[in-house]
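Visitor: Quick one: this structure, given as C-alpha coordinates, is what I'll be asking you about.
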Amino acid sequence: MPTNSSTSFSPEEIAAEGLTPSEYEEIVQRLGRHPNKAELGMFGVMWSEHCCYKNSRPLLKQFPTEGKRILVGPGENAGVVDLGDGLQLAFKIESHNHPSAVEPFQGAATGVGGILRDIFTMGARPIAVLNSLRFGTLDNANTRRLFNGVVAGISHYGNCVGVPTVGGEVYFDRAYTGNPLVNVMALGLMETPEIVTSGASGVGNPVLYVGSTTGRDGMGGASFASAELTDQSLDDRPAVQVGDPFLEKSLIEACLEAFQTGAVVAAQDMGAAGITCSTSEMAAKGGLGIEFDLDLVPARETGMVPYEYLLSESQERMLFVAHKGREQEL
(Lines give C-alpha, C1' and ligand atoms only; values in the text may rest on other atoms or scores of the structure.)
Protein backbone atom coordinates (compact mmCIF):
# COMPACT_ATOMS: atom_id res chain seq x y z
CA MET A 1 0.00 0.00 0.00
CA PRO A 2 1.71 3.24 -1.10
CA THR A 3 1.92 6.19 1.27
CA ASN A 4 1.58 9.83 0.35
CA SER A 5 4.69 11.51 -1.04
CA SER A 6 6.63 13.74 1.33
CA THR A 7 5.69 17.40 1.51
CA SER A 8 5.96 20.35 3.87
CA PHE A 9 3.13 20.99 6.31
CA SER A 10 1.53 24.11 7.72
CA PRO A 11 1.90 25.01 11.42
CA GLU A 12 -1.76 24.07 11.89
CA GLU A 13 -1.26 20.63 10.35
CA ILE A 14 1.80 20.03 12.51
CA ALA A 15 -0.04 21.09 15.66
CA ALA A 16 -2.97 18.84 14.74
CA GLU A 17 -0.64 15.85 15.14
CA GLY A 18 0.40 17.03 18.60
CA LEU A 19 3.84 18.18 17.44
CA THR A 20 5.65 21.45 18.11
CA PRO A 21 7.51 23.41 15.40
CA SER A 22 10.85 22.40 16.93
CA GLU A 23 9.83 18.73 16.91
CA TYR A 24 8.89 19.01 13.25
CA GLU A 25 12.31 20.50 12.49
CA GLU A 26 13.88 17.54 14.31
CA ILE A 27 11.87 15.12 12.16
CA VAL A 28 13.02 16.81 8.95
CA GLN A 29 16.63 16.72 10.15
CA ARG A 30 16.46 13.03 11.02
CA LEU A 31 14.78 12.01 7.77
CA GLY A 32 16.76 14.38 5.59
CA ARG A 33 13.46 15.44 3.99
CA HIS A 34 9.93 16.46 4.88
CA PRO A 35 7.79 13.55 6.12
CA ASN A 36 4.71 12.34 4.31
CA LYS A 37 1.30 12.43 5.98
CA ALA A 38 1.57 8.91 7.38
CA GLU A 39 5.04 9.52 8.77
CA LEU A 40 3.96 12.79 10.36
CA GLY A 41 1.14 10.99 12.13
CA MET A 42 3.48 8.23 13.30
CA PHE A 43 5.90 10.73 14.80
CA GLY A 44 2.99 12.56 16.40
CA VAL A 45 1.73 9.55 18.31
CA MET A 46 5.12 8.04 19.14
CA TRP A 47 6.46 11.36 20.45
CA SER A 48 3.34 12.01 22.53
CA GLU A 49 3.53 12.03 26.31
CA HIS A 50 1.16 9.06 26.35
CA CYS A 51 3.60 6.86 24.41
CA CYS A 52 7.09 8.10 25.28
CA TYR A 53 6.68 9.91 28.63
CA LYS A 54 8.85 12.74 27.32
CA ASN A 55 7.87 15.05 30.19
CA SER A 56 7.33 12.64 33.06
CA ARG A 57 10.21 10.20 32.43
CA PRO A 58 12.66 12.03 34.78
CA LEU A 59 10.07 11.80 37.56
CA LEU A 60 9.24 8.16 36.88
CA LYS A 61 12.92 7.24 37.10
CA GLN A 62 12.87 8.24 40.77
CA PHE A 63 10.67 5.28 41.69
CA PRO A 64 12.39 2.09 42.93
CA THR A 65 12.24 -0.65 40.30
CA GLU A 66 14.42 -3.44 41.65
CA GLY A 67 13.93 -5.98 44.41
CA LYS A 68 14.39 -9.64 45.17
CA ARG A 69 10.78 -10.44 44.26
CA ILE A 70 10.60 -8.31 41.10
CA LEU A 71 10.70 -10.55 38.03
CA VAL A 72 9.80 -7.92 35.41
CA GLY A 73 10.26 -4.20 35.91
CA PRO A 74 9.60 -1.13 33.71
CA GLY A 75 9.71 -1.51 29.95
CA GLU A 76 7.30 -4.40 29.47
CA ASN A 77 3.52 -4.50 29.15
CA ALA A 78 3.17 -5.14 32.88
CA GLY A 79 5.25 -5.72 35.96
CA VAL A 80 5.58 -9.21 37.42
CA VAL A 81 6.44 -10.10 41.02
CA ASP A 82 7.12 -13.41 42.75
CA LEU A 83 4.51 -14.11 45.44
CA GLY A 84 6.19 -17.31 46.59
CA ASP A 85 4.77 -20.85 46.58
CA GLY A 86 5.10 -20.92 42.80
CA LEU A 87 2.77 -17.96 42.24
CA GLN A 88 3.70 -15.01 40.03
CA LEU A 89 1.54 -11.89 39.83
CA ALA A 90 1.37 -9.51 36.87
CA PHE A 91 0.03 -6.02 37.53
CA LYS A 92 -0.38 -2.70 35.74
CA ILE A 93 -2.00 0.67 36.41
CA GLU A 94 -2.88 3.14 33.70
CA SER A 95 -4.98 6.24 33.18
CA HIS A 96 -7.66 6.97 30.59
CA ASN A 97 -8.45 10.53 31.57
CA HIS A 98 -9.00 12.46 28.35
CA PRO A 99 -11.13 9.81 26.59
CA SER A 100 -13.31 9.55 29.71
CA ALA A 101 -13.78 13.32 29.80
CA VAL A 102 -15.08 13.30 26.22
CA GLU A 103 -16.96 9.97 26.13
CA PRO A 104 -17.14 8.70 29.73
CA PHE A 105 -18.67 5.26 29.10
CA GLN A 106 -16.40 4.13 26.25
CA GLY A 107 -13.42 6.03 27.62
CA ALA A 108 -13.57 4.17 30.91
CA ALA A 109 -14.58 0.84 29.36
CA THR A 110 -11.67 0.79 26.93
CA GLY A 111 -9.38 1.82 29.76
CA VAL A 112 -10.31 -1.45 31.46
CA GLY A 113 -9.91 -3.38 28.21
CA GLY A 114 -6.47 -1.94 27.58
CA ILE A 115 -5.17 -2.69 31.04
CA LEU A 116 -6.47 -6.27 30.86
CA ARG A 117 -4.61 -6.79 27.57
CA ASP A 118 -1.39 -5.65 29.22
CA ILE A 119 -1.87 -8.44 31.76
CA PHE A 120 -2.70 -11.39 29.54
CA THR A 121 -0.09 -10.33 26.98
CA MET A 122 2.47 -11.34 29.62
CA GLY A 123 0.93 -14.81 29.86
CA ALA A 124 -1.13 -14.09 32.98
CA ARG A 125 -4.84 -14.64 33.51
CA PRO A 126 -6.58 -11.45 34.71
CA ILE A 127 -8.22 -12.00 38.09
CA ALA A 128 -9.11 -8.54 39.38
CA VAL A 129 -9.57 -4.88 38.50
CA LEU A 130 -9.34 -1.83 40.77
CA ASN A 131 -9.90 1.85 40.10
CA SER A 132 -9.09 5.27 41.50
CA LEU A 133 -11.35 8.10 40.28
CA ARG A 134 -11.43 11.88 40.66
CA PHE A 135 -14.26 14.19 39.57
CA GLY A 136 -15.44 17.75 40.09
CA THR A 137 -18.09 18.60 42.67
CA LEU A 138 -21.39 16.73 42.50
CA ASP A 139 -23.46 19.91 42.34
CA ASN A 140 -22.30 20.19 38.72
CA ALA A 141 -24.55 18.43 36.17
CA ASN A 142 -21.64 17.57 33.88
CA THR A 143 -19.75 16.03 36.79
CA ARG A 144 -22.71 13.76 37.52
CA ARG A 145 -22.86 12.78 33.84
CA LEU A 146 -19.15 11.94 33.79
CA PHE A 147 -19.33 10.06 37.08
CA ASN A 148 -22.28 7.90 36.02
CA GLY A 149 -20.74 7.21 32.61
CA VAL A 150 -17.31 6.25 33.93
CA VAL A 151 -18.67 3.94 36.63
CA ALA A 152 -21.01 2.30 34.10
CA GLY A 153 -18.17 1.83 31.59
CA ILE A 154 -15.83 0.24 34.12
CA SER A 155 -18.47 -2.17 35.44
CA HIS A 156 -19.76 -3.04 31.95
CA TYR A 157 -16.42 -4.08 30.52
CA GLY A 158 -15.31 -5.99 33.60
CA ASN A 159 -18.63 -7.82 33.94
CA CYS A 160 -18.70 -8.85 30.28
CA VAL A 161 -15.12 -10.14 30.39
CA GLY A 162 -15.73 -11.88 33.71
CA VAL A 163 -13.08 -10.06 35.73
CA PRO A 164 -14.41 -8.57 38.99
CA THR A 165 -13.76 -5.06 40.22
CA VAL A 166 -12.55 -5.83 43.74
CA GLY A 167 -11.93 -2.32 45.02
CA GLY A 168 -11.81 1.35 44.22
CA GLU A 169 -11.92 4.88 45.52
CA VAL A 170 -13.55 8.10 44.36
CA TYR A 171 -13.08 11.72 45.40
CA PHE A 172 -14.91 14.87 44.32
CA ASP A 173 -13.18 18.25 44.19
CA ARG A 174 -13.66 21.36 42.07
CA ALA A 175 -10.06 21.02 40.83
CA TYR A 176 -11.22 18.11 38.65
CA THR A 177 -14.23 19.86 37.12
CA GLY A 178 -14.36 18.89 33.45
CA ASN A 179 -11.06 17.03 33.75
CA PRO A 180 -11.62 13.73 35.58
CA LEU A 181 -8.90 11.28 36.51
CA VAL A 182 -9.69 7.68 35.63
CA ASN A 183 -6.99 5.29 36.83
CA VAL A 184 -7.51 1.56 36.43
CA MET A 185 -5.37 -1.28 37.77
CA ALA A 186 -5.46 -4.93 36.78
CA LEU A 187 -3.94 -8.02 38.38
CA GLY A 188 -3.32 -11.44 36.91
CA LEU A 189 -1.72 -14.76 37.85
CA MET A 190 0.85 -16.22 35.48
CA GLU A 191 -0.38 -19.28 33.58
CA THR A 192 2.46 -19.85 31.13
CA PRO A 193 5.71 -21.68 31.97
CA GLU A 194 7.68 -18.58 30.98
CA ILE A 195 6.80 -14.89 31.07
CA VAL A 196 5.88 -13.63 27.59
CA THR A 197 7.87 -10.54 26.66
CA SER A 198 7.49 -8.05 23.81
CA GLY A 199 10.99 -7.89 22.32
CA ALA A 200 11.02 -9.34 18.79
CA SER A 201 13.84 -11.74 17.96
CA GLY A 202 14.80 -14.12 15.18
CA VAL A 203 15.45 -12.66 11.74
CA GLY A 204 12.83 -14.00 9.34
CA ASN A 205 10.29 -14.92 12.01
CA PRO A 206 6.70 -14.18 10.92
CA VAL A 207 4.67 -11.33 12.42
CA LEU A 208 1.03 -12.23 13.06
CA TYR A 209 -1.92 -9.87 13.50
CA VAL A 210 -4.41 -11.30 16.01
CA GLY A 211 -7.88 -10.20 17.10
CA SER A 212 -10.38 -7.63 15.91
CA THR A 213 -10.43 -5.79 12.60
CA THR A 214 -9.02 -2.29 12.11
CA GLY A 215 -11.34 0.67 11.68
CA ARG A 216 -11.23 4.42 12.03
CA ASP A 217 -12.10 4.53 15.73
CA GLY A 218 -9.54 5.94 18.12
CA MET A 219 -7.67 7.86 15.42
CA GLY A 220 -4.82 9.76 17.05
CA GLY A 221 -5.92 8.69 20.50
CA ALA A 222 -2.39 8.77 21.93
CA SER A 223 -1.82 12.37 20.85
CA PHE A 224 -5.29 13.33 22.08
CA ALA A 225 -4.61 11.75 25.47
CA SER A 226 -1.43 13.83 25.74
CA ALA A 227 -3.02 17.18 24.86
CA GLU A 228 -4.55 19.74 27.18
CA LEU A 229 -8.31 19.51 27.50
CA THR A 230 -10.14 22.55 26.10
CA ASP A 231 -13.69 23.57 25.28
CA GLN A 232 -13.07 22.14 21.81
CA SER A 233 -12.08 18.70 23.13
CA LEU A 234 -15.67 17.46 22.85
CA ASP A 235 -15.15 17.59 19.10
CA ASP A 236 -12.53 14.83 19.48
CA ARG A 237 -14.99 11.98 19.99
CA PRO A 238 -13.51 10.05 17.02
CA ALA A 239 -10.28 9.84 19.04
CA VAL A 240 -12.10 7.75 21.67
CA GLN A 241 -11.91 4.01 21.12
CA VAL A 242 -14.91 1.67 21.10
CA GLY A 243 -14.52 -1.61 22.97
CA ASP A 244 -15.95 -5.11 22.51
CA PRO A 245 -15.54 -6.94 25.84
CA PHE A 246 -17.02 -10.19 24.55
CA LEU A 247 -14.34 -10.35 21.86
CA GLU A 248 -11.71 -9.56 24.49
CA LYS A 249 -12.89 -12.52 26.54
CA SER A 250 -12.29 -14.77 23.53
CA LEU A 251 -8.95 -13.07 22.93
CA ILE A 252 -7.83 -13.80 26.49
CA GLU A 253 -8.49 -17.51 26.09
CA ALA A 254 -6.98 -17.68 22.60
CA CYS A 255 -3.80 -15.86 23.59
CA LEU A 256 -3.20 -17.86 26.75
CA GLU A 257 -3.69 -21.08 24.78
CA ALA A 258 -1.34 -19.86 22.04
CA PHE A 259 1.35 -18.95 24.57
CA GLN A 260 1.19 -22.46 26.03
CA THR A 261 2.35 -23.93 22.70
CA GLY A 262 5.74 -22.24 22.89
CA ALA A 263 5.32 -21.11 19.28
CA VAL A 264 5.12 -17.41 20.22
CA VAL A 265 8.45 -15.58 20.46
CA ALA A 266 7.01 -12.25 21.60
CA ALA A 267 3.64 -10.55 21.99
CA GLN A 268 2.39 -6.98 22.20
CA ASP A 269 -1.11 -5.58 22.45
CA MET A 270 -2.14 -2.83 20.04
CA GLY A 271 -3.07 -0.08 22.45
CA ALA A 272 -2.05 3.54 22.09
CA ALA A 273 -0.85 4.32 18.54
CA GLY A 274 -2.03 0.90 17.35
CA ILE A 275 0.04 -0.78 14.67
CA THR A 276 2.63 2.01 14.71
CA CYS A 277 3.50 1.59 18.37
CA SER A 278 3.25 -2.19 18.61
CA THR A 279 5.48 -2.85 15.61
CA SER A 280 8.10 -0.23 16.40
CA GLU A 281 8.32 -1.13 20.09
CA MET A 282 8.69 -4.85 19.43
CA ALA A 283 11.36 -4.25 16.79
CA ALA A 284 13.26 -1.69 18.87
CA LYS A 285 13.36 -3.93 21.95
CA GLY A 286 14.78 -6.73 19.83
CA GLY A 287 17.29 -4.51 18.05
CA LEU A 288 15.78 -5.51 14.71
CA GLY A 289 13.75 -4.07 11.88
CA ILE A 290 10.26 -5.21 11.00
CA GLU A 291 8.40 -5.49 7.70
CA PHE A 292 4.62 -5.51 7.44
CA ASP A 293 2.15 -5.08 4.59
CA LEU A 294 -0.83 -2.85 5.35
CA ASP A 295 -2.77 -4.53 2.54
CA LEU A 296 -2.89 -7.66 4.71
CA VAL A 297 -4.38 -5.88 7.74
CA PRO A 298 -8.07 -6.88 8.12
CA ALA A 299 -10.16 -3.71 7.80
CA ARG A 300 -13.72 -3.17 9.01
CA GLU A 301 -14.21 -0.13 6.76
CA THR A 302 -13.61 0.53 3.09
CA GLY A 303 -11.37 3.18 1.59
CA MET A 304 -8.94 3.36 4.48
CA VAL A 305 -5.55 4.95 3.74
CA PRO A 306 -2.13 4.16 5.29
CA TYR A 307 -2.42 7.03 7.78
CA GLU A 308 -5.63 5.49 9.16
CA TYR A 309 -4.28 1.94 9.32
CA LEU A 310 -1.15 3.10 11.15
CA LEU A 311 -2.88 5.35 13.68
CA SER A 312 -6.11 3.46 14.30
CA GLU A 313 -6.63 2.46 17.92
CA SER A 314 -9.35 -0.09 17.29
CA GLN A 315 -9.53 -2.26 20.38
CA GLU A 316 -8.98 -5.97 21.06
CA ARG A 317 -5.99 -6.36 18.71
CA MET A 318 -2.65 -8.10 19.31
CA LEU A 319 0.65 -8.62 17.50
CA PHE A 320 2.65 -11.86 17.74
CA VAL A 321 6.13 -12.75 16.54
CA ALA A 322 6.11 -16.51 16.02
CA HIS A 323 8.77 -19.11 15.44
CA LYS A 324 9.18 -19.61 11.71
CA GLY A 325 7.50 -22.80 10.57
CA ARG A 326 5.11 -22.97 13.53
CA GLU A 327 2.48 -20.59 12.20
CA GLN A 328 -0.10 -23.34 11.69
CA GLU A 329 0.02 -24.25 15.38
CA LEU A 330 -1.32 -20.82 16.12
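Visitor: Which pairs have Cβ atoms under 6 Å, sit 6 or more apart or on different chains, and link a residue in the range 55-66 that is under 18 Å from E23 (Cβ atoms) to one that is surrounded by 10 or more Cβ atoms within 10 Å (Cβ to Cβ)?
Guide: What qualifies is N55/E49.
Quick grid of which residues meet (1) closer than 30 Å to L296 by Cα; (2) among the hydrophobic types (A, V, I, L, M, F, W, C); (3) touching an Asp or Glu at 6+ places or on another chain (Cβ under 6 Å):
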| residue | (1), (2), (3) |
| --- | --- |
| F9 | yes, yes, no |
| E12 | no, no, no |
| R30 | yes, no, no |
| F43 | yes, yes, no |
| P58 | no, no, no |
| G79 | no, no, no |
| G84 | no, no, no |
| H98 | no, no, no |
| F105 | no, yes, no |
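Visitor: Same structure again: Which condition breaks for Q106 when tested against (1) surrounded by 24 or more Cβ atoms within 10 Å (Cβ to Cβ); (2) more than 17 Å from the chain's Cα centre (by Cα)?
Guide: (2)
Visitor: Kindly establish whether G73 is among the small types (G, A, S) and either out of contact with any helix residue (DSSP H, G or I) (no Cβ under 9 Å at 6 or more places or on another chain) or surrounded by fewer than 16 Cβ atoms within 10 Å (Cβ to Cβ) (or both).
Guide: So G73 passes the test.
Visitor: I'm trying to understand the selection: among the residues of the range 45-91, which are closer than 18 Å to A284 by Cα and touching a Leu at 6+ places or on another chain (Cβ under 8 Å)?
Guide: Result: V45, W47, Y53, P74.
Visitor: Name the single residue, out of those in the range 131-163 being in contact with a helix residue (DSSP H, G or I) (Cβ under 8 Å, 6 or more places away or on another chain) and charged (D, E, K, R), that is surrounded by the most Cβ atoms within 10 Å (Cβ to Cβ).
Guide: R134
Visitor: At least 3 residues that are under 22 Å from C255 (Cβ atoms) and touching a residue at least 24 places away in the same chain (Cβ under 8 Å) in each: list the helices (runs of 4 or more DSSP H) lying fully within the range 90-170 that qualify. Steps first, please.
Guide: Working: elements: 97-102, 104-120, 141-161.
Here the list reads 104-120, 141-161.
Visitor: Test V203 against the criterion of being in contact (Cβ under 8 Å) with a residue 12 or more places away in the chain, closer than 14 Å to R117 by Cβ and in contact with a Leu (Cβ under 7 Å, 6 or more places away or on another chain), and give yes or no.
Guide: Here the answer is no, as V203 does not meet what is asked.
Visitor: From the list F120, F43, F91, which one is surrounded by fewer than 24 Cβ atoms within 10 Å (Cβ to Cβ) and in the same structural domain as V182 (by TED's automatic domain parsing)? Can you show your working first?
Guide: Working: F120 fails: surrounded by fewer than 24 Cβ atoms within 10 Å (Cβ to Cβ); F43 fails: in the same structural domain as V182 (by TED's automatic domain parsing).
Within the list F120, F43, F91, the selection yields F91.
Visitor: Moving on. Hand me the list of helices (runs of 4 or more DSSP H) wholly inside the range 1-77 holding 1 or more residues that are hydroxyl-bearing (S, T, Y) and closer than 19 Å to T276 by Cα.
Guide: 21-31
Visitor: Further question: I need a count of the residues in the range 42-71 that are aromatic (F, W, Y) and at pLDDT below 90.
Guide: Matching residues across the range 42-71 total 1.
The values are calculated or read from the model by the stated rules, or taken from the named source; none is laboratory data. Predicted, not measured: the structure shown is a model, and the values here were computed from it. Please note: Cβ atoms are built from the backbone with ideal geometry, for glycine as well, and neighbour counts cover all protein chains shown.
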